[in-house]
Structures are given as C-alpha cells and as structure tokens.
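Below is one structure, written out as structure tokens, with a few remarks after it.
What follows is calculated from the coordinates using simple rules that are stated; it is not laboratory data. Bear in mind the structure is a predicted one, so any value in this text is a computation, not a measurement. Cβ placement follows ideal geometry from the backbone for every residue including glycine, while neighbour counts extend to all protein chains displayed.
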Amino acid sequence: MNIAEHKLNLIRQIDELPEESLIELEKIVSQLQRNKKPKSKRLAGCMKGLVEYMADDFDAPLDDFKEYM
C-alpha cells in the first residue's frame, strides 16, 4: 500500500467518525503539531576536522569538461 492509498484510507475513516470524535481528533492533531521539536540551528564549524584527506588537485578543472570551458 503506497502513501496515497494510506491517505485515502485515513480520509475515509475520518469521514465516518461522529462529530464528537472529530473534535477529539482535532485536539490530538493540534497537540501533536505543538509538540514538534524545533529544528536545531546549524553551527558554523561543527563539521571541522571531518575531512581527513583531500587531493592536491581537488579544485583543478576536469578533463571531461574541457570542451565546455
């Protein structure tokens, strides 16, 4: 079952719920949205030291692209 089928199945189930259950479901969904963890901010330099080796000609133009340059 792909995601579209899951969504359609969920919509059908929600459509069959009584009004009281819809209100309760809305409260649950809004609570879930409020409890989302905020994205952590990126810190400059946090990946420092990760690359241990880089070739001397890393920035050199590639031979495969000479005709485009």
Using alpha-carbon coordinates, inclination of helix 3-15 to the longest axis of the chain, degrees: 20
FRET efficiency, 1/(1 + (r/R0)^6) with R0 25 Å, evaluated for Phe58 and Asn35 via beta carbons: 0.05
If I fit a long axis through the Cα atoms of helix 19-34 and take the longest principal axis of the Cα atoms of the chain, what angle between them do I get, 0 to 90°, rounded to 10? 30
For Lys37, which lysines qualify as cross-link partners when the Cα separation must be under 27 Å and same-chain residues fewer than eight apart are set aside? Lys7, Lys27, Lys48
